1. Considering segment 403-430 alone, what residues qualify as being surrounded by 15 or more Cβ atoms within 10 Å (Cβ to Cβ), of a type outside the set (A, V, I, L, M, F, W, C) and under 42 Å from the mean Cα position of the chain (by Cα)?
2. Out of all the residues in segment 133-150, which are small (Gly, Ala, Ser), surrounded by fewer than 15 Cβ atoms within 10 Å (Cβ to Cβ) and either outside any helix (DSSP H, G or I) or touching a His at 6+ places or on another chain (Cβ under 9 Å) (or both)?
3. Just one of the numbered conditions (1) surrounded by fewer than 17 Cβ atoms within 10 Å (Cβ to Cβ); (2) in a loop (DSSP other than H, G, I, E, B); (3) touching a Ser or Thr at 6+ places or on another chain (Cβ under 7 Å) is not true of GLU328; which one?
4. In this structure, is GLY257 modelled with pLDDT under 90, over 30 Å from VAL177 (Cα atoms), among the small types (Gly, Ala, Ser) and assigned to a loop (DSSP other than H, G, I, E, B)?
5. Report the residue count in segment 122-131 for those that are within 19 Å of LEU166 (Cβ to Cβ), among the aliphatic types (A, V, I, L, M) and either in contact with a His (Cβ under 9 Å, 6 or more places away or on another chain) or open to solvent by less than 20 Å² (accessible area, probe 1.4 Å) (or both).
6. Just one of LEU123, LEU109 is hydrophobic (A, V, I, L, M, F, W, C), under 30 Å from ILE20 (Cα atoms) and either out of contact with any strand residue (DSSP E or B) (no Cβ under 8 Å at 6 or more places or on another chain) or free of Cβ contacts under 8 Å to residues at least 24 places away in the same chain (or both); which is it?
7. Out of LEU155, LEU125, I need the residue that is assigned to a loop (DSSP other than H, G, I, E, B), closer than 25 Å to ARG26 by Cα and at pLDDT 90 or above. Which one?
8. Under 8 Å between Cβ atoms, which residue pairs at least 6 apart in sequence (or on different chains) link something in segment 175-192 that is at pLDDT 90 or above with a partner that is surrounded by 13 or more Cβ atoms within 10 Å (Cβ to Cβ) and among the polar types (S, T, N, Q)?
Amino acid sequence: MTERTIYLDPDRRDPSSRKISVRAHRWYATVELDRDGYADALTWRGDSPDLPAAYTEAIARTQNTSVDRLRYDGYLGMLSWGDGPRWVSLTVPFAQVEAAVEALCSAELNHDYSGLHALADRLALPIEDWLAPGERELVRGVDFSAPPGVFLRFLRGKAKRHGVRLNGRATLGSVWVRPTLPFAEKQKRELLPEQHLGWVDRWTGYIEPEDAPERPWVGGRGQNLSHPATPVQFRHVQAPSGSKCPCGMTPRAPEDGGDEHATHHAMWAIGVRAPKNLDWWGDLAVVTTESPIAWRKLTYQVGRMPQRENGYDVNSWSHLREPEQTPENVRAYLLQANGYVIGYLATHDVSEHRRWDLLDESEYGDQDDSLRPCIDLIWVADSYRRKGVGATLVQALADDSGCEGADVSWSTPVSDAGRRLARRISPEGIWVS
């Protein structure tokens with residue numbers, strides 16, 4: 001649809017000239033009456049620019065029915081409109097654009113609002129009929145035209161605003177409905193009649209006629225499979241209280257019903273999902289403090305796994321601002337498998353080390369001032385532990401640094417799991433920083 005402008009006054013160059021603009025969108029068209037300069041001219045002459053009450057009433061009715069029509073067709077996005085005095089806009093289906101233009105012209109120039117009401121009548125939907133009491137089948141192409149799923153979603157929203165429980169189900173070519181009125185909603189409307197003007201209770205006391213259609217059963221609550229059933233028996237026993245999960249969280253997080261724990265536990269067990277926008281050209285990625293932010297954010301997310309599991313105060317990776325150089329060459333190794341990051345090693349270079357034979361009672365040896373890569377932290381997803389992933393990360397670090405695996409340094413204190421890994425790599429002892 002071509003966008004266009006229709007001028008309502010003879011001199012279109014006059015600042016007070018009124019005009020109607022038509023703009024097309026993906027689902028609908030906007031027909032907008034610009035009265036901005038016209039309202040200023042009326043105010044300057046001492047007249048009121050406000051629209052007559054009959055005008056605003058006709059605009060509101062047309063807008064409401066048009067919005068219902070667009071929702072009925074399946075549009076779920078935001079809608080906006082204006083009702084004067086400077087701007088009047090209608091959001092209408094494409095088929096009603098010309099009628100909306102003519103109705104606005106007649107209302108603005110001739111104070112004839114019948115065109116707006118006629119447009120509202122054409123757009124109006126038989127919502128009251130759809131929500132009438134009684135079990136029945138609404139057939140697509142006969143009672144409605146939208147896809148059954150879209151129509152049922154729209155009808156549920158309308159029923160909720162009416163305070164009605166819909167009891168609906170969509171099929172391939174129809175929608176079954178049985179609108180009923182909950183007692184609480186009935187009581188609310190009887191206690192506050194001023195808030196529900198014109199409301200009539202059509203549902204209470206309704207009796208289905210003998211020839212009423214019967215909804216075919218396809219599963220669900222229509223068939224009572226618990227009659228007659230034996231009640232479940234309960235006993236009081238000492239159940240274990242919720243203790244800390246190996247992933248570092250409690251089994252149930254009360255603030256979200258356990259969803260946070262379930263998500264974290266899955267990442268702790270099988271790894272952190274690698275974002276689709278990151279291209280992995282190899283299994284192992286080396287992330288530095290100068291890498292793109294997407295990689296640094298992923299490293300921070302992976303660093304949350306050992307932080308929560310071991311109760312660390314801070315994340316081992318914190319470089320989330322602008323790219324920067326670090327004098328100690330901070331970097332992280334991310335190992336991925338099957339689309340998940342399953343291994344993580346955080347490291348930096350340091351030049352002060354001492355030798356240690358990994359025994360608790362042993363003292364450190366003499367200081368060595370060689371520049372070595374230092375392992376700050378190693379983490380492996382639970383499902384991949386004791387399968388050589390940690391040794392693979394250490395060997396990759398050593399290869400990049402041009403040294404042997406036994407020559408890398410380890411930050412102290414070294415955890416029990418870290419000691420077991422260190423003994424496999426360097427049985428004679430390790431360098432510690």
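1. If the condition is that a residue be surrounded by 15 or more Cβ atoms within 10 Å (Cβ to Cβ), of a type outside the set (A, V, I, L, M, F, W, C) and under 42 Å from the mean Cα position of the chain (by Cα), then SER411, GLY418 are the ones that fit.
2. GLY141, SER145
3. With (1) surrounded by fewer than 17 Cβ atoms within 10 Å (Cβ to Cβ); (2) in a loop (DSSP other than H, G, I, E, B); (3) touching a Ser or Thr at 6+ places or on another chain (Cβ under 7 Å) applied to GLU328, the lone miss is (3).
4. In short, yes.
5. Number of matching residues: 2.
6. That would be LEU109, the only listed residue that is hydrophobic (A, V, I, L, M, F, W, C), under 30 Å from ILE20 (Cα atoms) and either out of contact with any strand residue (DSSP E or B) (no Cβ under 8 Å at 6 or more places or on another chain) or free of Cβ contacts under 8 Å to residues at least 24 places away in the same chain (or both).
7. Exactly one residue qualifies, and that residue is LEU125.
8. VAL177/ASN167; ARG178/ASN167; PRO179/ASN167; THR180/ASN167
The values are calculated or read from the model by the stated rules, or taken from the named source; none is laboratory data. Remember, predicted model here, so these are calculated numbers, not experimental data. Neighbour counts are summed over all protein chains in view; Cβ atoms, including those assigned to glycine, are modelled from backbone coordinates with ideal geometry. The protein model used for the area step is the full one, side chains on, heavy atoms only, and it has no ligands, DNA or RNA in it. Shrake-Rupley method; radii C 1.70, N 1.55, O 1.52, S 1.80 Å.
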